[in-house]
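The values are calculated or read from the model by the stated rules, or taken from the named source; none is laboratory data. Bear in mind that the values here come from a model prediction, so they are computed numbers and not experimental data. All Cβ positions, glycine included, derive from the backbone under ideal geometry; neighbour counts span all protein chains shown. These area figures cover heavy atoms from the full protein model, side chains too; ligands, DNA and RNA do not enter into them. Shrake-Rupley method; radii C 1.70, N 1.55, O 1.52, S 1.80 Å.
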Amino acid sequence: YFIEQNCIHDDLIQIDAYNHKHMQRVMRYRNGDQVVCLLPDHRTYLYEIVNIDQGLLKQVEEINEDHELDVDVTLIYGLPKNDKFEFVLQKATELGVKRIVPFLSQRSIIKTNALTFAKKNERYLKILKEASEQSYRQMIPELTSLITIKELSHYLSDINLVAYEESSKQGEHACFARALNQDFQTITIIVGPEGGFDESEIKQMEALGIEACSLGKRILRSETAPLYMLSVIGYSREL
Ligand code: SAM
């Protein structure tokens, strides 16, 4: 359970109405049951329910299981239509992304600029926070302001890959797998919007040392490709 600061009183928690309802009505917890709580300091603790009717919990111990990926993944995402972007915010959080960089690429269908994008920031941060709560162990990713190709170089990592479906025609299947076999602490992955990247954009990215790579022969939807890459990265770190 994700706990707000004002619910915490030393080693006791007076649970808020939303979590209280979930514990009592949905999970049907009773006094003596134990629950995992994520506190605002991003630390995780085991709490015991001392009074379920009043929603009162008592701290038992800190849980030091770290569920974060052991590498920092930055997703630079060619801004797709709004609902797709919000979907990717939620799912990328669950998959352990560290930073999401919205990128206004040449073929981004959505007509927006940094100012109008910033007005939606509060909504986006709410989605990230909820996604973090739902997968309660993931840190809330950083969401940067909207960038254009001019700012791309500010978000590069040890390894930098742009998913480019034309690469598969050049037989460049292995580069994603090969890249993950290298030793790295940070990785940046770049995925295009519904219309993909313009060849001139790919050329500019390659000039920055970003490697164009195929994700295989199937053309994935714009909102599927980042999740595929994050899943493969996450899984490859577990092996
Ligand atoms: N050109 C695509 C088409 O023919 O429909 C449109 C772009 S695709 C829907 C959206 C993005 O997903 C692409 O810009 C790319 O970043 C990524 N992508 C999808 N399938 C891919 C693949 N097989 N290999 C590499 N990237 C892929």
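Most simply put, the chain has about 45% antiparallel DSSP beta bridges, counting only bridges with both residues inside it.
Straight-distance candidates among the lysines for linking to residue 58, with alpha-carbon spacing under 19 Å and chain neighbours fewer than 8 residues away dropped: 21. When +1 charges are put on Lys and Arg Cβ atoms and -1 charges on Asp and Glu Cβ atoms, the dipole computed for the stretch 1-138 relative to its Cα centre reaches about 1140 debye. Per-residue Karplus couplings for the stretch 193-200, computed as 6.51 cos²θ - 1.76 cosθ + 1.60 with θ equal to phi - 60°, are listed in order as x, 3, x, x, 9, 6, 4, 5 Hz, Gly and Pro entered as x. On a 22 Å Cα-Cα criterion, which of the cross-link pairs 84/129; 111/217; 91/120 come out too long? With Cα atoms farther than 22 Å apart: 111/217. For the chain, the longest principal axis of the alpha carbon atoms and the long axis of helix 82-94 meet at an angle near 60°. By the Cβ distance rule of under 4.7 Å, the chain has these cysteines without a partner: 7, 37.
Measuring only protein heavy atoms, the 1.4 Å probe finds residue 232 accessible over about 50 Å².
In a reduced charge model with +1 at each Lys and Arg Cβ and -1 at each Asp and Glu Cβ, the chain shows a dipole moment near 1000 debye about its Cα centre. Once the Cα atoms of helix 121-134 and of the chain are each reduced to a long axis, what angle between those two axes, in degrees from 0 to 90 to the nearest 10, is obtained? The angle comes out near 60 degrees.
For the stretch 1-156, the solvent-accessible area of protein heavy atoms averages 55 Å² per residue (probe radius 1.4 Å; ligands and nucleic acids excluded). Assign one of three labels to the stretch 95-239, namely rounded, prolate or oblate, based on the Cα gyration tensor with a ≥ b ≥ c the square roots of its eigenvalues; rounded applies when a/c is under 1.5, prolate when it is not and a/b is larger than b/c, and oblate otherwise. Oblate, since a/c reaches 1.5 and b/c is not below a/b.
Axis of helix 225-238 versus longest Cα principal axis of the chain: the two differ by about 70°, to the nearest ten degrees. Exposure here means at most 12 other Cβ atoms within 10 Å; with trypsin sites (Lys or Arg not before Pro) in a DSSP loop as sites, the longest stretch of the chain lacking them is 112-216.
Oblate is the label for the stretch 36-101, because a/c, from the alpha-carbon gyration tensor with a ≥ b ≥ c as root eigenvalues, is 1.5 or above and a/b does not exceed b/c.
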